[in-house]
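Chemist: Take this structure, written in C-alpha cells, and hold onto it; I'll ask about it next.
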Amino acid sequence: MRALTWQGFEDVRVEDVPDPTIQEPTDAVIEITSTAICGSDLHLYRPLAPFMEPGDILGHEPMGRVVAVGDDVRNLAVGDRVVVPFNISCGSCHMCDLALFAHCETTQVREHGKGAALFGYTKLYGHVPGAQAELLRVPQAHFGPVKVPDGPPDERFLFLSDVLPTAWQAVAYADVPGGGALAVIGLGPIGQMTCRIARQQGIERVYGVDLVPERLAMAQRHGAEVVDLNDTDDVAAALRALTSGRGPDGVIDAVGMEAHGAPLASAMQRATGFLPKAISEPLSKKAGIDRLAALRTAIDTVRRGGTLSISGVYGGALDPLPMLDLFDKGVQIRMGQAHVKRWVPDILPLLEKDEDVLGLGDFVTHTVPLAEAPAAYAMFQAKKDGAIKVVLQP
C-alpha cells in the first residue's frame, strides 16, 4: 500500500509499505477513505523528531470501511463505515472503567512511562503504524472504532477521531459557569472547534485569540469574538478589558509546544532535531523545553479562581512555569489527551442531525490526494494558503 512515512527532520514521503494484516484476534483492518493532518502531527515534523524512526507511518485521524476483522471482534462486520479514535483503548481495564481511555492499562506504553498507545505517534506511544495510508490495522477493534451511518460525507464524521472529542473535553475541563466567559488561545483546528462547541453549549461570551487572518475570520463566522495578536502587545490586558477587568472564567490553551513568541526555545527545538539520535532522544526526555508563550498568556489571562484547560500538546521536561502567579491566583489546571470514547455519546447525536450543528461544512480548507501529503505538511506548517484543516484522501 501507499503510506506517508517520516524520514527525518521536516522530511516526510509517500512510499510503498507492506499491507497491514490481522495480527491479534481483537484486530481489524480498515480501508481508509479520509485521513486528516493534525496540528500535533506537525510536532513530529519538527520538535519530536528525536522519538521518530525513518519509515514510521504518520497519522491518527482516520475513517473508512472495515475490510477484515479478527475472531474476537464481534461488534464490526466487513463493510461497516467507521471512525477510528486516535488513542487505542481496550474498554475493560481499570482506567477504561473510569472512562479515562487515554490511560488504558492494556495499551499503556510502560517502557517509556506513557499512557495509552496512539496511532502514528512515536516510540513513546507504542510505535503503532499510523493512518495516513491506504489501509490501517486497528488494535483493540472490539472496542475502539465508532460505527457511523452511510450517507453524509466523510467530513461530517471524520473529526470524531480526534478534533471534536479533544475540543469537547477542552470545554468541559474549562468549567465555565453559567453567564461566564471563555477565552481560546490559538485558532487552529482544535481552537476553531472549541469555540463552536462552547457556543453550542450555551457559553455566550467566547473570545478567540490568534494572528492568522483566515483563522480569525473563521472563528468570527461561528460566533466567537476575536482578539488579533497583530493589534495588541498585551492579550491578557485586552481580555480583561472585555471581562469587567477580571479576565475570563476559563481559558483554553489550544496551541501547545510550538507557540509563537519564544525564539530561544524555538531555536533549541530546531537544533535538537539535527543532533544524532543517541544524543537528541535522551536530551529531549530529560531536558527538553517547550515554547511557552501561549501557556504563559493563558496563565496571565485567566481570572483569579478560574480554570486553565490545556489541550495543546506539550513535551518538555524542564519547562519553567510561573508558580507564584498560579498559586496566588488560585488557578485550577486540567489537561491531557482526550478520552475519545468518553465524549462520543455526547457528540455523535449532533453529527447525525440533518442540520450541520457544528458547521463542519466550513472547516476543511484543503482536501488533497495522499500523494500530495508532503507538500500539504509544508503548507500547514508554514500556515500558507489559508490552511486551517487539511484532509488527505488515499
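Quick note: the coordinates plus some simple rules give every number you see, no bench work behind them. The model shown is predicted, which means the values in this text are computed figures rather than measured ones. Please note: Cβ atoms are built from the backbone with ideal geometry, for glycine as well, and neighbour counts cover all protein chains shown.
Chemist: Mind scanning Lys329/Lys389; Lys341/Lys384; Lys123/Lys383 and naming the pairs with a C-alpha gap bigger than 31 Å?
Modeler: Flagged as over cut-off: Lys329/Lys389; Lys341/Lys384.
Chemist: Here is a follow-up. Can you list the residues of the stretch 347-385 with backbone N under 15 Å from a point 7 Å past the Cα of Ala99, pointing along Cα to Cβ?
Modeler: The answer is 347-349, whose backbone nitrogens lie closer than 15 Å to the label point.
Chemist: Same structure, new question: Take the chain, compute every pairwise Cα distance, and split them into 20 Å bins from 0; I just need the percent in each bin.
Modeler: 29, 61, 11, 0
Chemist: When N is the residue count of the stretch 52-155, what does its C-alpha Rg come to as a fraction of 2.2 N^0.38 Å?
Modeler: The reported ratio for this selection is 1.08.
Chemist: Which far-off residues, 5 or more places away or on another chain, put their amide H under 5 Å from the one on Glu134, with H placed in the peptide plane?
Modeler: Arg2
Chemist: Which net charge results for the neighbourhood of Val17, defined as the other residues with beta-carbon distances under 14 angstrom from its beta-carbon, given Lys and Arg at +1 and Asp and Glu at -1?
Modeler: Charge balance near Val17 sits at -3.
Chemist: If r is the Cβ-Cβ distance from Val357 to Leu211 and R0 is 30 Å, what FRET efficiency results, to the nearest 0.05?
Modeler: Rounded to the nearest 0.05, the efficiency is 0.60.
Chemist: Kindly work out what percent of the DSSP beta bridges joining two residues of the chain are antiparallel, to the nearest 5.
Modeler: 50 percent
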